[in-house]
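The values are calculated or read from the model by the stated rules, or taken from the named source; none is laboratory data. Here the structure is a predicted model, which is why all the values come from computation and not from measurement. A quick note on method: Cβ atoms are made from the backbone with ideal geometry, for glycine too, and the neighbour counts reach across all protein chains shown.
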Amino acid sequence: MMSPLNELERVRQEKLERLRQLGMDPYPRQVLRTHTNAAAIEAFELHEAEAEESPVEAAVAGRLRAVREMGKLTFAHIEDGTGRLQLFLRLNELGDERMAIFSELFDLGDFIQARGTMFRTRSGEITLKVAEFEMLAKALTPLPAAKEELVDGERVVHNAFADQEARYRQRYADLAVNPEVRAIFETRAQIIRSLRAFLDQRGFLEVETPILQPIYGGAAATPFVTHHNQLHQDLYLRISFELYLKRLLVGGYEGVYEIGRDFRNEGVSFKHNPEFTQLEFYKAYADYRDVMELTEQMIANVAEEVLGSTAIIYRGQEIDFAPPWKRVKLSEAIEAETGIAIDAHSEADSLRAAMRKKGIDAPADASRGKLIDGLLGSQVEPKLIQPTFLYDYPRDISPLAKSTPEDPNTVERFEGFAGGLELCNAFTELNDPTDQEQRFLEMGRAYAADDEERHPMDEDYLRAMRYGMPPNGGFGMGVDRLAMLLTDQTTIREVILFPHLRSKEE
């Protein structure tokens, strides 16, 4: 149920009723627009350059952003998706009744249309001299603002929507009053287009895989569970695309990718949202070193295309994505930051004792791999500002990756970092079905049923592997985090249009 109207909303509701009494539809079905604001300005500039005699006529539409009344004259600004345009309304052309309707019944935030001729004012601003105007959508609620006031006869908005929580809950209003927020999501769209073009140009096929899955897998995360009524079947919202994309390599494709939503039933933080956008690709006959090179080329290309440079500013620090990125073994990075040589501790208890000796949190029930992952997250990751690949990870937290030739307990896996954030994760993918089955069995025995690291057995995936899967390298990246970096945002909520929030009651 909607909350009761406040005083400002009641006043606007009354204006809406007066418009109807005058025979004006506040929400007409048809818009007669001949030009966007930018196109109208461009047409007049061309008219001036070519010194044409006939006037430029235009019908425009947009949201009313400012009004300045000066006796028998009124100046206003409307905004559409291309920018702002000044309107000029004069009593001599419109008459007392129409001028009164505009002054008394039209408000900031209303969508209107106007028709007239273009001219340039004495101050030099290209303007539409209005011959006719109509309401397109009456805004009953004023756009968020600390206040509206008259400044030199002009109604203006100050301090639009500073409440961060309210901005996320009412993103539509946030976008309407904050052009810099609209710019973030325009940049995000450019990032996705650039990623897609980069992979398309290199022979990858874009595909779509199931969001509802009978068996979840491909990552270490707790899934959301739903139920299909007709089939009497529990299903999971996917946590990864991986196992389905790799089935396609079995089918004969040599390079596939997907950009889409994943869902993980885990905590919310400045870098986590339960629903997020992921890019995953898989390339036959490649290993993790090949994928490293492709990754750094791709991210550098995106930065160059979207921002015009591989160098960006994030949280006041310059970060340069130009290849080659720094490459460091995970064990070396941890030892450099903590003094703990993880290779010297082959058992969880030994590593746990070494961590506690250094005053580092080490949960009593954590496996060796999870302890190492904890060291990475707390001690190393925040300090990786320049683009860096950490590689060679513990086998027990990487059930889908090939072991290194030197050590069966270490796998060919890397993660990419920049700005103190994990950006991507990649493997030389396991393609031995017998080894993969053994890994699934180990994961089932080693972890409790509610442990997110526990990977379920996927018989169909194993069946696919037994048909023969080519050697391949796989990659996954959170697109939201890349958008954070390239738009200089410190929380994932700023780059997701409608982030998940606690209920207002909580």
Report, by residue number, each residue of segment 226-266 that is β-branched (Val, Ile, Thr) and over 24 Å from the mean Cα position of the chain (by Cα). Thr226, Val250
Taking segment 71-81 and keeping only residues that are buried (at least 18 other Cβ atoms within 10 Å of the Cβ) and not hydroxyl-bearing (Ser, Thr, Tyr), one is left with Phe75, Ala76, His77, Ile78, Asp80
State whether one or more residues within segment 272-282 are free of Cβ contacts under 8 Å to residues at least 60 places away in the same chain and within 21 Å of the chain's Cα centre (by Cα). no
Being among the basic types (Lys, Arg) and either closer than 30 Å to Glu296 by Cβ or in contact (Cβ under 8 Å) with a residue 40 or more places away in the chain (or both), is that true of even one residue in segment 349-366? no
Determine whether segment 189-208 contains at least one residue that is out of contact with any Phe, Trp or Tyr (no Cβ under 7 Å at 6 or more places or on another chain) and within 20 Å of Tyr461 (Cβ to Cβ). yes
Per the filter on segment 335-370, residues touching a helix residue (DSSP H, G or I) at 6+ places or on another chain (Cβ under 6 Å), within 22 Å of Glu406 (Cα to Cα) and outside any loop (DSSP other than H, G, I, E, B) are Ile342, Asp343, Ala348, Leu351, Arg368, Gly369
Residue within segment 209-226 that is without any contact (Cβ under 8 Å) to a residue 60 or more places away in the chain, in contact with a Gly (Cβ under 7 Å, 6 or more places away or on another chain) and crowded, with 20+ Cβ neighbours inside 10 Å present: no
Considering every residue within segment 437-454, establish whether at least one is at pLDDT 95 or above, touching a helix residue (DSSP H, G or I) at 6+ places or on another chain (Cβ under 6 Å) and surrounded by fewer than 22 Cβ atoms within 10 Å (Cβ to Cβ). no
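Yes/no per residue for (1) surrounded by fewer than 18 Cβ atoms within 10 Å (Cβ to Cβ); (2) modelled with pLDDT under 95; (3) in contact with a Lys or Arg (Cβ under 8 Å, 6 or more places away or on another chain):
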| position | (1), (2), (3) |
| --- | --- |
| Ala38 | yes, no, no |
| Glu52 | yes, yes, no |
| Gly83 | yes, no, no |
| Gln86 | no, no, no |
| Ile101 | no, no, no |
| Arg120 | yes, no, no |
| Glu125 | yes, no, no |
Which of the following residues is surrounded by fewer than 18 Cβ atoms within 10 Å (Cβ to Cβ) and touching a Pro at 6+ places or on another chain (Cβ under 7 Å): Arg90, Arg68, Arg20, Arg10? Arg20
When you scan segment 378-398, how many residues do you find that are in a helix (DSSP H, G or I) and under 23 Å from the mean Cα position of the chain (by Cα)? 2
Do we have Pro210 as of a type outside the set (Phe, Trp, Tyr), outside any strand (DSSP E or B) and at pLDDT 95 or above here? yes
I need every pair where a residue in segment 123-134 that is over 11 Å from Val60 (Cα atoms) has its Cβ under 8 Å from the Cβ of a residue that is in a loop (DSSP other than H, G, I, E, B) and at pLDDT 95 or above, sequence separation at least 6 or different chains. Thr127/Thr121
For segment 371-383, name all the residues that are under 25 Å from Asp287 (Cβ atoms) and in contact with a helix residue (DSSP H, G or I) (Cβ under 8 Å, 6 or more places away or on another chain). Ile372, Asp373, Leu376, Val380
Cβ pairs under 6 Å, 6+ apart or interchain, first in segment 10-22 and within 17 Å of Glu134 (Cβ to Cβ) and at pLDDT 95 or above, second not aromatic (Phe, Trp, Tyr) and not in a helix (DSSP H, G or I), ordered by first then second residue, are Leu16/Pro26; Leu16/Lys138; Leu19/Pro26
Out of everything in segment 402-418 that is touching a Lys or Arg at 6+ places or on another chain (Cβ under 8 Å) and farther than 13 Å from Arg289 by Cβ, what residue ends up being surrounded by the most Cβ atoms within 10 Å (Cβ to Cβ)? Val411
Within the group Ser378, Ser398, which residue is hydroxyl-bearing (Ser, Thr, Tyr) and surrounded by fewer than 20 Cβ atoms within 10 Å (Cβ to Cβ)? Ser378
Out of (1) modelled with pLDDT under 95; (2) assigned to a helix (DSSP H, G or I); (3) in contact with a strand residue (DSSP E or B) (Cβ under 7 Å, 6 or more places away or on another chain); (4) of a type outside the set (A, V, I, L, M, F, W, C), the one Arg481 does not meet is (1)
